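Peer 1: Here you go, one structure.
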Amino acid sequence: MADGGEDAGRAALLAARASYSRLVAYLAAAAGDVAAAEDALSDAFRAALETWPDRGVPDKPEAWLLAAARHRLTDMSRHRAVQAQAAATLRLLTEEAADRAAVAPAFPDERLKLLFICAHPAIDIAARTPLMLQTVLGIDAGRIASAFLVSPAAMGQRLVRAKAKIRDARISFDVPEYHQLPERLDAVLDAIYAAYGTGWDDTAGTDSRRRGLADEAVWLARLAVELLPDAAEAHGLLALMLYCEARRPARRTEAGAYMPLSEQDVQLWRRPMIEEAKRALATAAAQHRLGRFQLEAAIQSQHAMRLTGGDINWASIVALYDALAEMSPTIGALIGRAAALAEERGAAAGLAALEAIDMDRARSYQPYWAVRGALLARLDRTDGADAAYERAIGLTEDRAVRAFLLTKMSTIER
Amino acid sequence: MKYMCLIYGDEANHPQPNTPEMGQLMEGYMAFTKDIREKNVMVAGDPLEPIATATTVRVRGGRTETTDGPFAETKEQLGGYYILDCKDLDEAIAYAARIPTAAFGSIEVRPIMVFD
């Protein structure tokens, strides 16, 4: 029941947009073709915009869009002279008939399948996260390109290639079998975390596009948790990102100066987010399947103790980093471990851990040089500290971080 | 859908004839081939003679040029193939992973184009 006015049409369209990812996922899973599903759905939206204002908004806008998109998909595969498509067409037609018969336009949530497709090992690793952002969140290629610092043309091509591979090589739309799940789930979670990292690196928050990506990564993690409630690491990843997000307001002063974690005003941290992070981590821990994201979240939870006036337990943090270094020795984890060791056992111990890191991995990694500068300064090795800070500054793109490092360097006690 | 599994290995590091390693490899291939035949997955499959026997043919300006071997300076050479009939890429990957050479060489899985 609608008055047929343009506003009503747009309102319904907005509501339907909210279910965009469910619609795309469902259509893509039925057709085995993400690109075709997206095209069909965008045609359906266009048709809705043209007809709803005149004819009125259908009672179930979502079902209307689904039916229209399906129609379009069937047309498209009819035109495609590929035998394999005939089967998909038949499947669609049968399902369409079944749908008309059904009273409720309920359709299964296939978004998990879509997430797994996007993170399939046969998909170019550089295309996985962008593909998720585009298909599951409906973010346009131009915006994704700017977040990943590549040209829109290159990103567009990467996405097109990935979708063509899904269709032409016929990548399975089934949720992976149990024994494949760990590897595939890792890829999904890694991609979500990569999206978060891209958003997080923009500490200044000046680029609203990139800040938005952090929110979207959290959204994807919430979706993963909702769809896979038994996946401990999904909860762990959600907890990790929420702990980090909670500190966002404290990462810069009002004047825009960079605030390191140890100097942040904890009153600016978002408490409800930290509470939610705690709950997510507890849910993960209850599954007794430890993983890197849970360990990283646990490290963040130690820092969050400051909110309740507690001291940071560096020994616990070191122990968590030890486990993390064993399970997932990323360069970030090894540097975090060195910094934590410096707090617990002194700067010399921290420096020793830092120097044990393979230089090939550390050479152009800014945090390595920033931590090295700080530790050498504490050990009164001023020449080495200056050199390390200079290197860190050279590797820093963010103006505020550069200013912070310059101040640190100029205030070394000589 | 049919997938071609191209089997690449380094001929220089390939097990030599009449060694236990070669025997093991052959047994592996026989068992794999038997299994995919029984499951009706196998469409075709053959080993190829070594790369030294290869001849490359090009037609340029109407003239046929034949040269010895492929030119590509790759470490791994095409040593054989299977054509498998699988429901999707995931199934083809699962079979490809069981081809004995996958343990030391590599298998390229390519969907075979279908014309109506």
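Peer 1: Just checking, does segment A:312-328 include any residue being more than 30 Å from A:ALA234 (Cβ to Cβ), over 29 Å from the mean Cα position of the chain (by Cα) and not acidic (Asp, Glu)? Spell out how you get there, then give the answer.
Peer 2: If we filter segment A:312-328 for residues that are more than 30 Å from A:ALA234 (Cβ to Cβ), which is where we start, we get none.
Scanning segment A:312-328, I find no residue that is more than 30 Å from A:ALA234 (Cβ to Cβ), over 29 Å from the mean Cα position of the chain (by Cα) and not acidic (Asp, Glu), so the answer is no.
Peer 1: Still on this structure, I have one more. Residue by residue through segment B:1-60, note down the ones that are part of a helix (DSSP H, G or I), in contact (Cβ under 8 Å) with a residue 12 or more places away in the chain and hydroxyl-bearing (Ser, Thr, Tyr).
Peer 2: B:TYR29, B:THR33
Peer 1: Please enumerate the residues belonging to segment A:230-241 that are in a helix (DSSP H, G or I) and either over 24 Å from A:SER146 (Cα atoms) or modelled with pLDDT under 90 (or both). Spell out how you get there, then give the answer.
Peer 2: At the first step, the residues of segment A:230-241 found to be in a helix (DSSP H, G or I) are A:232-241.
Once the filter is applied, which keeps residues that are in a helix (DSSP H, G or I) and either over 24 Å from A:SER146 (Cα atoms) or modelled with pLDDT under 90 (or both), segment A:230-241 yields A:ALA232, A:GLU233, A:ALA234, A:HIS235, A:GLY236, A:LEU237, A:LEU238, A:ALA239, A:LEU240.
Peer 1: Mind listing whichever residues of segment B:74-116 are outside any helix (DSSP H, G or I), among the hydrophobic types (A, V, I, L, M, F, W, C) and within 14 Å of another protein chain (Cβ to nearest Cβ)?
Peer 2: Of segment B:74-116, the ones outside any helix (DSSP H, G or I) are B:74-88, B:97-99, B:104-116.
Now narrow it down to the ones that are among the hydrophobic types (A, V, I, L, M, F, W, C): B:78, B:83-84, B:86, B:97, B:99, B:104, B:107, B:109, B:112-115.
Within segment B:74-116, B:LEU84, B:CYS86, B:ALA97, B:ILE107, B:VAL109, B:ILE112, B:MET113, B:VAL114, B:PHE115 meet the criteria.
Peer 1: Continuing with the same structure: Determine, yes or no, whether B:PRO70 is within 13 Å of chain A (Cβ to nearest Cβ), touching a residue at least 12 places away in the same chain (Cβ under 8 Å) and over 25 Å from B:MET30 (Cβ atoms).
Peer 2: no
Peer 1: Then there's this: Restricting to segment B:12-60, count the residues that are within 13 Å of the chain's Cα centre (by Cα) and at pLDDT below 90.
Peer 2: Count: 3.
Peer 1: Does A:ALA37 qualify as being modelled with pLDDT of 90 or more, under 30 Å from the mean Cα position of the chain (by Cα), within 21 Å of A:ALA18 (Cβ to Cβ) and more than 14 Å from chain B (Cβ to nearest Cβ)? Spell out how you get there, then give the answer.
Peer 2: Working: modelled with pLDDT of 90 or more: yes; under 30 Å from the mean Cα position of the chain (by Cα): yes; within 21 Å of A:ALA18 (Cβ to Cβ): yes; more than 14 Å from chain B (Cβ to nearest Cβ): yes.
Taking the combined requirement at face value, the residue satisfies it.
Peer 1: Can you tell me which residues in segment A:399-414 are in contact (Cβ under 8 Å) with a residue 40 or more places away in the chain and crowded, with 16+ Cβ neighbours inside 10 Å?
Peer 2: Of all residues in segment A:399-414, those in contact (Cβ under 8 Å) with a residue 40 or more places away in the chain come to A:399-401, A:403-404.
Across segment A:399-414, the qualifying residues are A:ALA400, A:VAL401, A:PHE404.
Peer 1: Does segment A:276-311 hold any residues that are without any contact (Cβ under 8 Å) to a residue 60 or more places away in the chain, of a type in the set (Ser, Thr, Tyr) and more than 14 Å from A:ALA221 (Cβ to Cβ), and which are they?
Peer 2: Our first condition is that a residue be without any contact (Cβ under 8 Å) to a residue 60 or more places away in the chain; within segment A:276-311, this holds for A:276-292, A:295, A:298-299, A:302, A:305-311.
This time we only want the ones that are of a type in the set (Ser, Thr, Tyr), so: A:283, A:308.
Residue satisfying the conditions is A:THR308 alone.
Peer 1: Within the bounds of segment A:221-229, is there any residue that is surrounded by 22 or more Cβ atoms within 10 Å (Cβ to Cβ), modelled with pLDDT of 95 or more and out of contact with any strand residue (DSSP E or B) (no Cβ under 9 Å at 6 or more places or on another chain)?
Peer 2: Among the residues of segment A:221-229, not one is surrounded by 22 or more Cβ atoms within 10 Å (Cβ to Cβ), modelled with pLDDT of 95 or more and out of contact with any strand residue (DSSP E or B) (no Cβ under 9 Å at 6 or more places or on another chain), which makes the answer no.
Peer 1: Which one is nearest to A:LEU223 (Cα to Cα) among residues in segment A:247-258 that are touching a residue at least 12 places away in the same chain (Cβ under 8 Å) and open to solvent by 40 Å² or more (accessible area, probe 1.4 Å)?
Peer 2: Here is the first cut: in segment A:247-258, the residues touching a residue at least 12 places away in the same chain (Cβ under 8 Å) are A:247-252, A:256-258.
Going one step further and asking which of them are open to solvent by 40 Å² or more (accessible area, probe 1.4 Å), we end up with A:249, A:257-258.
Values: A:PRO249: 25, A:ALA257: 34, A:TYR258: 32 Å.
So the residue we want is A:PRO249.
Peer 1: Right, here's the next one. Hey, does segment A:329-343 have a residue that's over 27 Å from A:GLU233 (Cα atoms) and not basic (Lys, Arg)? Reasoning before the result, please.
Peer 2: To start, the set of residues in segment A:329-343 that are over 27 Å from A:GLU233 (Cα atoms) comprises A:342-343.
With not basic (Lys, Arg) added as a condition, the list becomes A:342-343.
Within segment A:329-343, one or more residues are over 27 Å from A:GLU233 (Cα atoms) and not basic (Lys, Arg).
Peer 1: For segment A:167-188, enumerate the residues that are aliphatic (A, V, I, L, M) and either within 14 Å of another protein chain (Cβ to nearest Cβ) or farther than 21 Å from A:ALA28 by Cβ (or both). Explain how you work it out, then say what you get.
Peer 2: Within segment A:167-188, the subset aliphatic (A, V, I, L, M) is A:169, A:171, A:175, A:181, A:185, A:187-188.
Of everything in segment A:167-188, those that are aliphatic (A, V, I, L, M) and either within 14 Å of another protein chain (Cβ to nearest Cβ) or farther than 21 Å from A:ALA28 by Cβ (or both) turn out to be A:ALA169, A:ILE171, A:VAL175, A:LEU181, A:ALA187.
Peer 1: Select from segment A:343-385 the residues that are outside any helix (DSSP H, G or I) and surrounded by 15 or more Cβ atoms within 10 Å (Cβ to Cβ) and write down the one among them that is modelled with the lowest pLDDT. Even if it seems obvious, please write down each step before you answer.
Peer 2: Step one: filter segment A:343-385 for residues outside any helix (DSSP H, G or I), giving A:346, A:356-358, A:363-365, A:379-381.
Those left that are additionally surrounded by 15 or more Cβ atoms within 10 Å (Cβ to Cβ): A:357, A:365, A:379, A:381.
Working: A:ILE357: 96, A:TYR365: 91, A:LEU379: 96, A:ARG381: 96.
It comes out as A:TYR365.
The values are calculated or read from the model by the stated rules, or taken from the named source; none is laboratory data. Please read these numbers as outputs of a predicted model, since none were measured by experiment. Cβ: placed from backbone, ideal geometry, glycine included. Neighbour counts: every protein chain shown. Note: areas computed on protein heavy atoms with side chains; ligands, DNA, RNA excluded. Shrake-Rupley method; radii C 1.70, N 1.55, O 1.52, S 1.80 Å.
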